[in-house]
Each structure stands twice: as C-alpha cells, then as structure tokens.
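Note sheet for the following structure.
Values in this text are rule-based calculations from the coordinates and carry no lab data. Owing to the predicted nature of the structure, the values given are computational and were not obtained by experimental measurement. Here the Cβ positions follow ideal geometry from the backbone for every residue, glycine too, while neighbour counts run over all protein chains shown.
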Amino acid sequence: MIATHNPGKLAEMRELLTPYGVDALSAGELGLKEPEETGTSFGDNARIKAQSVAEATDLPAFADDSGLVVDALDGEPGIYSARWAGPDKDFARAMRMIEDKLHGRGALSPDRRKAHFISALCVAWPDGHLEQFEGRVDGVLVWPPRGDKGFGYDPMFLPDGHKRTFGEMASEEKHGLPPRGRGLSHRARAFLELAEACLG
C-alpha cells in the first residue's frame, strides 16, 4: 500500500517501486480516510500515515511526508507545505505566498533565497515493525516559477548545480534511480536508502 491521496506523490512513488517488482495500491484508490497529521516533524507524519494504512489494510504500507523548508522564512512552510496550498491544493497561490513573504523580508538575491526539500519515508508492517528514512536536496527559489512538470513547489525550486527547476525536469531526471537517473530528488534519495534496507 502507498499511504497517499496525492496523485503527484503516487505517480513518483509507483515509478520508484516499479524496478523492484512491487505493485501497490494507494490509500486514495481504496477510499481510506486520511489520518490527521499531528506530528511535529516530517518523520512523525510519515509514520502516522504508514501505520494508519497498514492497520486498515493488514498490508505493508509505504508513506512519504515531504515539504519545502525556506531558510529566510525560518523554515516555513516545512511540515505545513501542503496546507499552505489550501483544501483546493492551489500551489500557484502557495508559491505566490512564499514569494510575497520573501519580498517582505528583503530576500531578493539568490543567497537569501536558499531552501531545501525534505522527504521522510516510512514503511510500516501490520505487526507494528517500522523502517524510516530521510532524504534532502538543497537549492534556491526562483521567481517567476518555471515549468509545468512535477507538482507542488517544483516550478520555483532550482536544485544546486542545475540550470532547470524541478518543474522543468522530466520525471526520470528528477527522481529516476541509477543506472538511468541520478536519484536527484529528496524522495529518490530517501528511497535509495529504503530500497537498500528493505528491498535488497
């Protein structure tokens, strides 16, 4: 089971699992209720989601909690990244909110616009066993957003050492695993650790 109702995350997570021969259904496809994310960290919230789905289905469940951490905004939006987009998941509005806050703090030059994505992954088994992993990718925020690939805050995030935002990168470039890709994204980096520990 993939413990998500987010179609963008689901597509990425399925792509990551496919080379390992793992077929997965999502919590959204089964109509499972989303648990309340009451954790104070990405890891806490990934665990809450994975455990909820493992208990509901009696199957191993894989969950991600991820978000954008902006240095000049004291770490916001952080674990509230999805909530900033509101119930209608309007990430264009959320990106504009970040840009407005950066302007309000005079964060206009690249050195003042540093940010990173974090992905915490958790695999929960029905017997209560847990495995947790975390990945991070650093970059800067650009304005205006560029590209219509990816999802969430991808169009405004330029990873260090690259000339294109996550929103301009094809899925294989962003989160493709070796040997085809370089495991660039935060989710791919966390998944490589998970795969080594859990998938062989």
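Using only Cα atoms, find the angle between the long axis of helix 7-17 and the longest principal axis of the chain, and express it within 0 to 90 degrees, rounded to the nearest 10.
Tilt relative to the chain: about 60 degrees.
Would you compute, for the Cα atoms of the range 92-200, the largest minus smallest coordinate along each principal axis and list the three values in descending order, in whole Å?
The principal-axis extents, from largest down, are 49, 31, 23 Å.
Got a sec? Which residues in the range 139-167 would a label at ARG112 touch, if it sits 7 Å along Cα→Cβ and we count backbone N under 17 Å?
Residues 140-144 qualify, since their backbone N sits under 17 Å from the label point.
Applying a 10 Å radius around every beta-carbon, put 20-30, 40-50 in order of their mean neighbour count, most first.
Ranked by mean Cβ neighbours within 10 Å, highest first: 40-50, 20-30.
SER41 to ASP138: FRET efficiency via 1/(1 + (r/R0)^6), r the Cβ-Cβ distance, R0 22 Å, to the nearest 0.05?
For R0 = 22 Å, the calculated efficiency reads 0.75.
Quick one: which of LYS9/LYS101; LYS114/LYS149; LYS49/LYS149; LYS9/LYS49; LYS9/LYS149 span more than 23 angstrom between C-alpha atoms?
LYS9/LYS101; LYS49/LYS149
Please check which bits of the range 62-106 a label hung off ASP160 would reach, taking the label as a point 7 Å along Cα-to-C-beta and the cut-off as backbone N under 14 Å.
The answer is 71.
Give me the Å³ per residue figure for the convex hull around the C-alpha atoms of the range 7-199.
Normalising the Cα hull of the range 7-199 by residue number yields 114 Å³.
Given only helices, namely DSSP H runs of n ≥ 4 each adding -39500 (n - 2.57), what is the per-residue ellipticity at 222 nm of the chain, to the nearest 500 deg cm²/dmol?
Estimated from H runs of four or more residues: -8500 deg cm²/dmol.
Sorted by mean Cβ packing within 10 Å, highest first, what order do the peptides 3-15, 102-114 take?
Ranking the peptides 3-15, 102-114 by packing returns 3-15, 102-114.
Give me the number: length gained by fully extending ASP74 to THR57, i.e. 0.36 nm times residue separation minus the C-alpha to C-alpha distance, one decimal in nm.
Here the answer is 2.3 nm.
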